[in-house]
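Notes follow once the structure below has been shown.
The values are calculated or read from the model by the stated rules, or taken from the named source; none is laboratory data. Computed from a predicted model, the values in this text were never measured in an experiment. Because the Cβ atoms are built from the backbone with ideal geometry, glycine has one as well, and the counts that use them run over all protein chains shown. Keep in mind that these areas ignore ligands, DNA and RNA; they rest on the heavy atoms of the full protein, side chains included. Shrake-Rupley method; radii C 1.70, N 1.55, O 1.52, S 1.80 Å.
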Amino acid sequence: MELSSSEFIAVTTSDTVALSYNSIGRTTKGIACAVTGNIACKNSLGTSVTHYCVAGVIYPIRATLIMTTNTTATGIVAYF
């Protein structure tokens, strides 16, 4: 997986609405947060998982949706 990223967005969590960048059908290359906590997400197959994420670390997570339910981290950024 390529770890470099040229595009990113601030994430607004939602249990039903995919990340706004996904209008062209891409998944994230990575996710980071400003405040440590859980990030609940779904992949392109619809599988849900909750990751514990430490602030300032970019995690190589492929996601299409960052869910409000079970997400406690804040300041989430998605890298594409």
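Of the residues examined, I24 is not one that is on the phi < 0 side of the Ramachandran plot and either in contact with a strand residue (DSSP E or B) (Cβ under 8 Å, 6 or more places away or on another chain) or at pLDDT 90 or above (or both).
If we keep just the residues of the stretch 59-80 that are part of a strand (DSSP E or B) and not hydrophobic (A, V, I, L, M, F, W, C), which is surrounded by the fewest Cβ atoms within 10 Å (Cβ to Cβ)? Quick ask: steps written out before the conclusion?
Initially, the stretch 59-80 is screened for residues part of a strand (DSSP E or B), giving 59, 65-67, 74, 77-79.
Retained after the next criterion (residues that are not hydrophobic (A, V, I, L, M, F, W, C)): 59, 74, 79.
Numbers: Y59: 16, T74: 14, Y79: 20.
Ranking the qualifying residues of the stretch 59-80, first place goes to T74.
Just to be sure before I move on: is G75 free of Cβ contacts under 8 Å to residues at least 40 places away in the same chain, on the phi > 0 side of the Ramachandran plot and either among the small types (G, A, S) or touching a helix residue (DSSP H, G or I) at 6+ places or on another chain (Cβ under 6 Å) (or both) in the structure I sent?
Working: free of Cβ contacts under 8 Å to residues at least 40 places away in the same chain: no; on the phi > 0 side of the Ramachandran plot: yes; either among the small types (G, A, S) or touching a helix residue (DSSP H, G or I) at 6+ places or on another chain (Cβ under 6 Å) (or both): yes.
Criteria not met by G75.
Contact annotation: residue pairs with Cβ atoms under 8 Å, 6 or more positions apart or on different chains, pairing a residue in the stretch 44-55 that is aliphatic (A, V, I, L, M) with a partner that is open to solvent by 60 Å² or more (accessible area, probe 1.4 Å) and not in a strand (DSSP E or B), are A55/A34. Within the stretch 38-58, the set of residues being closer than 16 Å to A10 by Cβ and buried (at least 16 other Cβ atoms within 10 Å of the Cβ) comprises I39, C41, C53, I58.
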